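Please treat every number below as a calculation from the coordinates, not as lab data. All figures in this text were calculated on a predicted structure; none of them were measured in a lab. Here Cβ is always computed from backbone atoms with ideal geometry, including for glycine, and neighbour counts include all displayed protein chains.
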Amino acid sequence: MQINSSSLLFVLLALCGLNACIAQPPTSNIEHFTPDSIALYLQKAQQDPMTHILKSYETSSYNYLVPYYLSRHIKVDSADQALYFGYRTMLTTFSSFAGDVKENESAYINSRHWDTDIVEDSNYTALNAVDEIDSIAHKHQIILFNESHIDPRGRLFLTNLLPTLKAAGFTYLFLEGLREDDINERGFPLQTSGFYTCEPMFGNLLRKAIQLGFKLVPYDCYNAPCNGIAEREQHQATSIYETLKNNPRAKAVVFAGHGHINKDPQKNWMAHRFKTLSGIDPFCINQSINSEAPQLFHHLRKHIDKATIYKNVKTNVYREFSKVNVVDATIVFPNTQWLDNQYAEWLLHSGTVPYTINLSNETFEGALLSIVKCNEFDQFGVLTVPVLNMILQKTTHQNISLNKGSYYLRVTDLYGKEIYKEKITL
């Protein structure tokens, strides 16, 4: 089954229903998970991975370990392409939610877009992506970034870029993954704020944007489902245009998934529809095709140690690598450095203040460490979106970094039991 990556969230909504994909407040349907209930969910997930794994996340009080465990233990015949797609989507999505990103991109993207390495081209110069986007931001009113929904690097990169964009006059941040309006007043996300926003790096992006004074705006089909991909693309473009038309000088960042930023008029995705509606040609930046697969970007990555954009300095044209999208530039991330052969260095060091996790207990092996902000957890409990998730080893001694603040280190098991809690202040 060939499903365009730009329609991934639409497929999620269509296959499992809107309410299953968008986290809801705890209700009487919350289950106390036991070995028997896990076994039952495994059995059901064999027949319909997407529906039942998504349901397990909600009914387990948003226990990241449950869908992570289910997606890693079910066996789905690859000959059934629809079920296999659902299985791979759940596996890669909830692995990223749990902080286990090591095999995600090679398992999901590499098999769908790329056959050979992208080699060097002497016509293009490697430029620091942050510096180059700073220059772009002063020349353009609307900038669109995309992401791979299973790779938090795009969220982390945009988080770190926000001060630069704010200084260049950007005030709006439109978010495909956001499903509520109240977040601007509250100041942080909840499990009910959306689906992908439950991933810790996405949550940190939302917190940072609000702190900097960005107006967060949801623009996808969340009040009422859209009927088909074309209707969704038009709804997205119209929502952005309608918000901005009364403030025609406002500068806005749009954060989308995969192919929504495609400006190809033949494909007629959101970016092209917005351009047609508004008369504004948005600058579109692709960061969704990075992969841990060793052959992808291998010849480029061995020369870089930071996010990079390639540009022909003579013609002022950027190198665009995508085979499926028409965009203006592509970001290439350097090779990931792996800590303890398990943790992505960029994921554990997303803040500025160092801290050392030192946990040794055989009951912790395979458990989930969630680091949550104290003020958020004290108010909302299990609805809190962590700032960091880690699957623990039997002995986990790991240096991380967080932003200043007070946090709870919470270790929970597959059945939702809290087996360790500590408060730290940095």
Heads up, region 125-332 by the C-alpha gyration tensor (a ≥ b ≥ c square roots of eigenvalues; a/c under 1.5 rounded, else a/b over b/c prolate, else oblate) looks rounded
Q266 and D134 label points (each 7 Å along its Cα→Cβ direction) are spaced in nm at 3.9
If every Lys and Arg gets +1 and every Asp and Glu gets -1 at its Cβ, then about the Cα centre the chain yields a dipole, in debye to the nearest 20, of 880
Using alpha carbon centers only, region 207-236 is separated from region 347-426 by a whole-angstrom value of 30
Between D36 and T315, Cβ-based FRET efficiency (R0 45 Å, step 0.05) works out to 0.10
Per the 1/(1 + (r/R0)^6) rule, R0 = 56 Å and r from the Cβ atoms of T125 and D77, FRET efficiency to 0.05 is 0.75
Of Y219, Y62, Y41, the most mobile residue in a GNM of the chain (C-alpha springs, cutoff 10 Å) is Y41
For region 204-215, in residue order, the Karplus 3J(HN,Hα) values (coefficients 6.51, -1.76, 1.60; θ = phi - 60°; whole Hz; Gly and Pro = x) are 5, 4, 5, 4, 5, 4, 5, 4, 7, x, 5, 8
A student applying the Cα gyration tensor rule (rounded when a/c is under 1.5; otherwise prolate if a/b is larger than b/c, oblate if not) would label region 26-94 prolate
Projecting the Cα atoms of H235, G169, G213 onto the charge dipole of the chain, where Lys and Arg contribute +1 and Asp and Glu -1 at Cβ, the residue farthest towards the positive end is G169
Here the gain from full extension of Q337 to N227, 0.36 nm per residue of separation minus their alpha-carbon distance, amounts to 35.4 nm
Here, K215 and R249, labelled 7 Å along Cα→Cβ, have an inter-label distance in nm of 1.5
Across Y124, Y172, Y196, the residue with the highest GNM fluctuation in the chain (Cα network, 10 Å cutoff) is Y124
For the chain, whose charge dipole is built from +1 on Lys and Arg Cβ atoms and -1 on Asp and Glu Cβ atoms, the candidate among I142, N246, V66 with its Cα farthest towards the positive end is N246
In the chain, taking the dipole from +1 charges on Lys and Arg beta carbons and -1 charges on Asp and Glu beta carbons about the Cα centre, the listed residue (Y310, L368, I424) farthest towards the positive end is Y310
Once T395 and N375 are pulled to full extension, the length gained, defined as 0.36 nm per residue separation minus their Cα-Cα distance, is 4.3 nm
Expressed in nanometres to one decimal, the distance between label points 7 Å along Cα→Cβ at E185 and Q43 is 4.6
Per its Cα gyration tensor (rounded if a/c is under 1.5, else prolate when a/b beats b/c, else oblate), region 293-362 is best filed as prolate
For 49-58, 349-358, ranked highest to lowest by mean beta-carbon neighbours within 10 Å, the order is 49-58, 349-358
With +1 on the Cβ of every Lys and Arg and -1 on the Cβ of every Asp and Glu, the dipole magnitude of region 125-332 about its Cα centre, in debye rounded to the nearest 20, is 520
CD proxy, 222 nm, the chain: helix-only mean residue ellipticity via -39,500 (n - 2.57) per DSSP H run with n ≥ 4, per residue, nearest 500, stands at -10000 deg cm²/dmol
About its Cα centre, region 338-425 carries a charge dipole, from +1 on Lys and Arg Cβ atoms and -1 on Asp and Glu Cβ atoms, whose size in debye to the nearest 20 is 200
Highest GNM mean-square fluctuation among L339, L175, L162, for the chain with Cα springs under 10 Å, belongs to L339
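What ranking do 226-232, 67-73 get when scored by the average of other Cβ atoms within 10 Å per residue, highest first? Please list the in-between numbers first.
Numbers: 226-232: 15.0, 67-73: 21.9.
Ranking the peptides 226-232, 67-73 by packing returns 67-73, 226-232.
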